[in-house]
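Have a look at the structure below before the remarks.
Just so you know, all these numbers are worked out from the coordinates, no wet-lab data involved. This structure is a prediction, so every number in the text was calculated from the model and none was measured. FYI the Cβ positions are ideal-geometry reconstructions off the backbone, even for glycines, and counts take in every protein chain you see.
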Amino acid sequence: MSELKAGTNLEKVFKAGHFAVTAELGPPKSADVEVINKKVQYLKGNVDAVNITDNQTAIVRMSSIAAGALVLQQGLEPVIQITCRDRNRIAIQSDVLGAYALGLKNILCLTGDHQKFGNHGTCKNVFDLDSIQLIQALKTMRDEKQFICGDEIKNSKKAPIVEPRILIGAAANPFADPFEFRVIRLAKKVNAGVDFIQTQCVYDMERFEEWMKQVRERGLHKQVKIMAGLTPLKAVGMAKYMRDNVAGLSVPDYYIDRLSGAEDAPAEGIKICVEQIKRLKEIEGVAGVHIMAIEWERRVPEIVEAAGLLPRP
């Protein structure tokens with residue numbers, strides 16, 4: 001454990017070789033703290049850390065850093081998401097320092113959904129950096145102890161350097177086209193300095209296994225911890241919507257057929273998710289799962305228990 005980069009619970013789970021489990025916690029679309037408190041109660045003790053989304057789908061929500069600080073106060077470790085859509089490099093580096101000062105040491109780097117998908121479609125975006133450049137910027141701050149401009153992270157010439165010791169994460173989509181570029185893009189993130197990866201929702205297991213095969217051929221699974229993303233399906237309508245309307249996502253028809261024929265579609269969706277986890281655990285190079293139960297956090301304890309993932313280390 002002496003070689004830890006940030007010393008977070010998630011990093012320790014990875015380092016010890018455990019199969020990691022994270023979940024997603026979407027901040028409220030208001031200042032209502034009770035929304036966060038309720039979700040924490042579902043997830044605490046069932047996962048190793050929770051992702052605090054950053055205005056996902058470009059819809060205004062409570063700040064990921066503020067929500068993360070509230071989550072941390074309740075004893076659950078956050079993974080703060082930072083997108084490049086809304087901030088330039090000055091604001092991003094400032095937020096990283098502020099997040100670290102508040103005890104938030106896991107950061108997931110995302111380019112961010114375009115604002116046209118959200119509730120302020122005519123606002124200006126920033127995109128000063130993309131996700132790969134953001135990874136490199138955070139690695140520079142942590143390991144080189146410098147800002148992007150080259151200045152040392154200290155208050156004056158005689159002051160000590162106080163850099164943010166953070167664990168750097170990013171996303172990967174094994175299902176977007178062109179498929180042959182997917183592993184190349186992952187390699188770029190690895191070269192930029194990412195520590196862990198969380199993937200897009202996995203439904204097409206065959207394609208995911210092919211992607212992991214390409215990952216292993218390049219040896220990338222030995223350089224970065226890869227967590228497979230999962231979103232439990234609540235209903236056949238949800239499955240069809242994700243299949244037909246979510247770019248870069250592949251939902252096989254056999255899952256839709258199973259949900260259509262089920263007497264209890266939500267229960268069948270949970271069963272499918274548990275089956276997926278058990279299969280993913282057998283794939284070389286998969287270091288954990290990231291459960292994105294969109295506004296269905298109350299079912300996460302049921303999923304992790306049925307998948308044999310409790311107790312958490």
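What dipole magnitude, in Debye to the nearest 20, does segment 248-313 give about its Cα centre under +1 on Lys/Arg Cβ and -1 on Asp/Glu Cβ? Walk me through the numbers before you get to the answer.
Working: 8 positive and 12 negative charges, 55 e Å.
Charge dipole of segment 248-313: 260 debye, to the nearest 20.
Compared with the rule-of-thumb size 2.2 N^0.38 Å for a compact globular protein, segment 178-309 has a Cα radius of gyration ratio of 1.08. Of all the options V194, V35, V21, the one that moves most in a Gaussian network model of the chain with Cα springs shorter than 10 angstrom is V35. Each Cα pair under 8 Å and six or more residues apart adds its sequence gap; the mean of these over the residue count of the chain is a relative contact order of 19 percent.
Spatial offset of segment 83-161 relative to segment 217-235 amounts to 24 Å, using the alpha carbon center of each.
Gain in length, Q74 to K124, computed as 0.36 nm per residue apart minus the alpha-carbon separation, to one decimal in nm? If you can, show how the numbers build up before the last one.
Numbers: separation 50, 0.36 × 50 = 18.00 nm, distance 3.53 nm.
Value of the extension gain: 14.5 nm.
Between A91 and F117, what FRET efficiency follows from the Cβ-Cβ distance if R0 is 22 Å, with the result rounded to 0.05? After rounding, the FRET efficiency stands at 0.55.
Measure nothing fancy, just the Cα-based angle from helix 89-101's long axis to the longest principal axis of the chain, in degrees from 0 to 90, nearest 10. With rounding to tens, the tilt is 80 degrees.
Tell me whether segment 28-161 comes out rounded, prolate or oblate; compute the Cα gyration tensor, take square roots of the eigenvalues as a ≥ b ≥ c, and use a/c under 1.5 as the rounded threshold. Please report the intermediate quantities before stating the final value.
On the way: a/c = 2.19, a/b = 1.24, b/c = 1.77.
It is oblate, given that a/c is not under 1.5 and a/b is not larger than b/c.
What full-extension length gain, to one decimal in nm, is calculated for A101 and N191 as 0.36 nm per residue of separation minus the Cα-Cα distance?
Working: separation 90, 0.36 × 90 = 32.40 nm, distance 2.71 nm.
Taking A101 through N191 to full extension adds about 29.7 nm, to one decimal.
Residues of segment 98-125 falling in the label zone of V162, defined by backbone nitrogen less than 17 Å from a point 7 Å along Cα to beta-carbon, are 98-105.
Of the chain, which part is the longest with no GluC sites (Glu not before Pro) in a loop (DSSP not H, G, I, E, B) and with at most 15 other C-beta atoms within 10 angstrom? With a cap of 15 other Cβ atoms within 10 Å, the longest stretch comes to 4-262. With Cα atoms as the point set, the radius of gyration and Dmax of segment 9-306 evaluate to 19.0, 70 Å.
Given a Förster distance of 51 Å, report the FRET efficiency between N245 and E3 from their Cβ-Cβ distance, rounded to the nearest 0.05. Using R0 = 51 Å, I get an efficiency of 0.70. Other residues with beta-carbon under 15 Å from the beta-carbon of P160 carry, at +1 per Lys or Arg and -1 per Asp or Glu, a net charge of +2.
Where does each of 160-169, 99-108, 242-251 land if you order them by average Cβ count within 10 Å, highest first?
On the way: 160-169: 18.9, 99-108: 21.3, 242-251: 14.3.
Going from most to least packed, we get 99-108, 160-169, 242-251.
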